[in-house]
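Novice: Here it is, the structure, as C-alpha cells.
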Amino acid sequence: MTSPALENDLRAAIRTIPNDPKAGIMFRDITTLLGSARAFRRAVDELVQPWAGMKIDKVAGIEARGFILGGAVAHQVSAGFVPIRKKGKLPHTTVRIAYSLEYGLDEMEMHDDAVAPGERVILVDDLIATGGTAEGAVKLLRQMGANVLAACFIIDLPELGGADKLRKLDVPVRTLVAFEGH
Ligand code: AMP
C-alpha cells in the first residue's frame, strides 16, 4: 500500500480521457505523469520500493508504456531490461504466448535468450485492468524458467479483477493508484 498523499499526488498527475477509445471507457493517460519530473521519479521509486535492496536480475516491460517505466525501474534497481512485445516485432528467435484481451485474443513475444532459468524478474506495466496482458507475460516469463518476484503497475482498475488474477498465480502485485470503473 502507498500513502494517501502519494496516491493523491500521482492521481493528480494522470490525465483521464473519457470515452476513449470507445464509449464508457475512461482512458488513463500517463504521459502527463511521465512529463512531470517529480511524479515520474516518485512513481518509479515507489513501484519497486518493497523489493529495494533485493537482488533483481531483470525487469520485464510490456509494450509500449511498460518500456518507459520498466527501463527507468531497471536502471533504478541495477537490473537488465527485457522487452515483451506484440508478435512479429522482435528481431531474434522468440517464444510466444496467446493472451486474452477484454474482447478477443492476441499474442506477445520475448526473445528466447532474454531470461536465464532461475533469474529473478520484476514485471512492469502502466496499468492493470482485466489482467489478461500481465497474466500472459507472467506465463511467458515462467515458461523460460524465470522466477517472477512481482508485478508492478502505476494504475489498478480493481473492478476488473486483474490484480487478483495475478495474485492467484502467486505473483505479488504492487499498484500505486486505483480508479473506479473501466
Ligand atoms: P488488461 O490486459 O485488461 O489488464 O489491460 C492492460 C493493458 O491495456 C495495459 O497495457 C494498459 O496500458 C491498457 N489499458 C487497459 N485499460 C486501459 C485504460 N482504461 N486506460 C489506459 N490503458 C488501458
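The values are calculated or read from the model by the stated rules, or taken from the named source; none is laboratory data. Just so we're clear, the structure is a prediction, and the values are computed from it rather than from any experiment. With ideal geometry, Cβ positions are generated from the backbone for all residues, glycine too; neighbour counts draw on all protein chains shown. Only protein heavy atoms, including side chains, enter the accessible area calculation; ligands, DNA and RNA are left aside. Shrake-Rupley method; radii C 1.70, N 1.55, O 1.52, S 1.80 Å.
Novice: Cross-link list K89/K168; K86/K139; K58/K86; K139/K165: which exceed 21 angstrom alpha carbon to alpha carbon?
Specialist: Those over the limit are K89/K168.
Novice: Got a number for the accessible area of E107? Probe 1.4 Å, square angstrom, nearest 10.
Specialist: Probe radius 1.4 Å; accessible area of E107 about 50 Å².
Novice: I would also like to ask the following. In the chain, carbon and sulfur make up what percent of the accessible area (probe 1.4 Å)?
Specialist: 53
Novice: List the trypsin sites (Lys or Arg not before Pro) in segment 73-175 that DSSP assigns to loop (not H, G, I, E or B) and whose Cβ has at most 16 other Cβ atoms within 10 Å. Which are they?
Specialist: K87, K89
Novice: Let me ask something additional. Let me check I have the definition right: for the chain, take the eigenvalues of the Cα gyration tensor, multiply each by 5, take square roots. What are those semi-axes in whole Å, largest first?
Specialist: Each semi-axis is the square root of five times an eigenvalue, giving 24, 20, 15 Å.
Novice: If the reach is capped at under 12 angstrom between alpha carbons, list the aspartates and glutamates near K87, excluding any in the same chain fewer than eight residues apart.
Specialist: Straight-distance partners of K87: E63, D106, E107, E109.
Novice: Provide the per-residue ³J(HN,Hα) series for segment 175-181, in order, calculated from phi with Karplus coefficients 6.51, -1.76, 1.60 and θ = phi - 60°, each as a whole number of Hz, with x at glycine and proline positions.
Specialist: Karplus-based 3J(HN,Hα) across segment 175-181 equals 10, 10, 9, 10, 10, 6, x Hz.
Novice: With N residues in segment 82-182, what two-decimal value do you get for its Cα radius of gyration over 2.2 N^0.38 Å?
Specialist: Normalised Cα radius of gyration, segment 82-182: 1.05.
Novice: Take every Cα-Cα distance within segment 104-162, group them into 5 Å bins from 0 onward, and report for each bin the whole-number percent of pairs it holds.
Specialist: Per 5 Å bin, starting at 0, the Cα pair percentages come out as 4, 18, 27, 23, 17, 9, 2, 0.
Novice: Using the basic label-point model (7 angstrom from Cα toward the beta carbon), what is the S3 to N19 distance in nanometres?
Specialist: Label-label distance for S3 and N19, simple model: 4.0 nm.
Novice: Show me, for segment 118-126, the HN-Hα J-couplings you get by feeding each phi into the Karplus relation (A = 6.51, B = -1.76, C = 1.60, θ = phi - 60°), rounded to Hz, glycine and proline as x.
Specialist: Rounded to whole hertz, the list is x, 5, 8, 10, 10, 9, 9, 8, 6.
Novice: On the Cα set of segment 81-126, report Rg and Dmax in Å, please.
Specialist: 11.7, 34
Novice: List the chymotrypsin sites (Phe, Trp or Tyr not before Pro) within segment 36-126 that fall in a DSSP loop (any state other than H, G, I, E or B) and whose Cβ has at most 16 other Cβ atoms within 10 Å.
Specialist: Answer in residue order: Y103.
Novice: Which value in deg cm²/dmol, rounded to the nearest 500, describes the helix-derived mean residue ellipticity at 222 nm for the chain, given -39,500 (n - 2.57) per DSSP H run of n ≥ 4 and division by the residue count?
Specialist: -9000 deg cm²/dmol
Novice: On a 1.4 Å probe surface of the protein chains, which of H182, H75, H92, H111 comes out largest in accessible area, and what is the full order?
Specialist: H75, H92, H182, H111
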